[in-house]
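To start, the structure under review is shown below, and the notes come after it.
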Amino acid sequence: MDILSLVGLTLGFLAVVVGSVLKGAGVMALLSAAAFMIVVVGTVAAICVQTPLSVMRHALKILPWVFKPPPLQGEQLIRKIVEWSNIARKQGLLGLEPQIEREPDDFVRKALQLVVDGSEPETIRSVMEVELGAREHADTTAAKVFEGMGVYAPTLGIIGAVLGLMSVMQNLADPSKLGQGIAAAFTATVYGIGLANLFFLPVAAKLKVNIAAQSQVRELVIEGMISIAQGENPRSIEAKLQGYLH
């Protein structure tokens, strides 16, 4: 569990609510069905137009990473790779074949299969780097969905404010409605800027951090498998791979 994400989102929500109370606007000033429709529903509509369905599904799939990032298990992978290196030195590369089916991670499994098949180190690197690049691109594209929502939300907040002011202008004959109408108009701006800067953009940034961390671990796997294929000393492999964890 990423406690900082939970703390940050909670503090952001409290900052807006408590700030509204301290400024004298009150909590009810932040509640507006019209602002919700214009900003939230409008932002979702805009991102749906921009995003292919497959990317949207992937974005929703990785959203929980903000609170519970996928385990990296770098130390565990290094131990596995060193163990596999010892097996390969004693039994040959074919001795690693039983390890393939036991490996739960499909990226590691694919790299290990290439080693067992006797692929050249450069072939292993080129194949797995393509795999790494494809995964990183898919994840980053999904993270940019939330980045796009952070771009659209403030603009839709301005649209909501303008629509609210248009409503106020239609009631100039009744001064009693002007103050309340202007306040309601700017609620949409609060929604747009608040959601963008306290949720959408931070979520996109946190997802990109997690994606980069996963890519680094996968680079560790690639380097480890190439080292096994080259028959390097297990202690040398361990020392080299430890550098990826700093």
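Annotations for the structure displayed:
So that you can scan it fast, the table gives a plain yes or no per residue for (1) modelled with pLDDT under 90; (2) not β-branched (Val, Ile, Thr):
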site	(1), (2)
Met1	yes, yes
Gly24	yes, yes
Val41	no, no
Leu60	no, yes
Glu75	no, yes
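- Looking across the stretch 136-152, the residues that are crowded, with 16+ Cβ neighbours inside 10 Å and farther than 12 Å from Ile47 by Cα come down to Asp139, Thr140, Ala143.
- Verdict on Gly8 being within 17 Å of Gly194 (Cβ to Cβ), assigned by TED's automatic domain parsing to the domain that holds Leu165, touching a residue at least 40 places away in the same chain (Cβ under 8 Å) and in a helix (DSSP H, G or I): no
- Scanning the stretch 21-58 for residues that are in contact (Cβ under 8 Å) with a residue 24 or more places away in the chain, part of a helix (DSSP H, G or I) and more than 29 Å from the chain's Cα centre (by Cα), we see that the one that is surrounded by the fewest Cβ atoms within 10 Å (Cβ to Cβ) is Ala34.
- Flag for Tyr152 being modelled with pLDDT of 95 or more and among the hydroxyl-bearing types (Ser, Thr, Tyr): yes
- The single condition among (1) touching a residue at least 24 places away in the same chain (Cβ under 8 Å); (2) crowded, with 16+ Cβ neighbours inside 10 Å that Gln73 does not satisfy is (2).
Table: residues versus (1) in the same structural domain as Gly133 (by TED's automatic domain parsing); (2) surrounded by fewer than 16 Cβ atoms within 10 Å (Cβ to Cβ); (3) modelled with pLDDT of 95 or more; (4) assigned to a helix (DSSP H, G or I).
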| residue | (1), (2), (3), (4) |
| --- | --- |
| Phe186 | yes, no, no, yes |
| Thr189 | yes, no, no, yes |
| Ala196 | yes, no, yes, yes |
| Leu201 | yes, no, yes, yes |
| Ala204 | yes, no, yes, yes |
| Ala213 | yes, yes, no, yes |
| Arg235 | yes, yes, no, yes |
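- Test result for Val221, buried (at least 16 other Cβ atoms within 10 Å of the Cβ) and either more than 30 Å from Trp84 (Cα to Cα) or not assigned by TED's automatic domain parsing to the domain that holds Val39 (or both): no
- For beta carbons closer than 9 Å, sequence separation of 6+ or different chains, a first residue in the stretch 100-116 that is closer than 15 Å to Glu219 by Cα and assigned by TED's automatic domain parsing to the domain that holds Trp84 and a second that is in a helix (DSSP H, G or I) and of a type in the set (Phe, Trp, Tyr), the qualifying pairs are Leu112/Trp84.
The values are calculated or read from the model by the stated rules, or taken from the named source; none is laboratory data. The shown structure was predicted, so the numbers you read here are calculated from the model rather than taken from an experiment. Cβ coordinates were reconstructed from backbone atoms using ideal geometry, including for glycine residues, and neighbour counts include every protein chain displayed.
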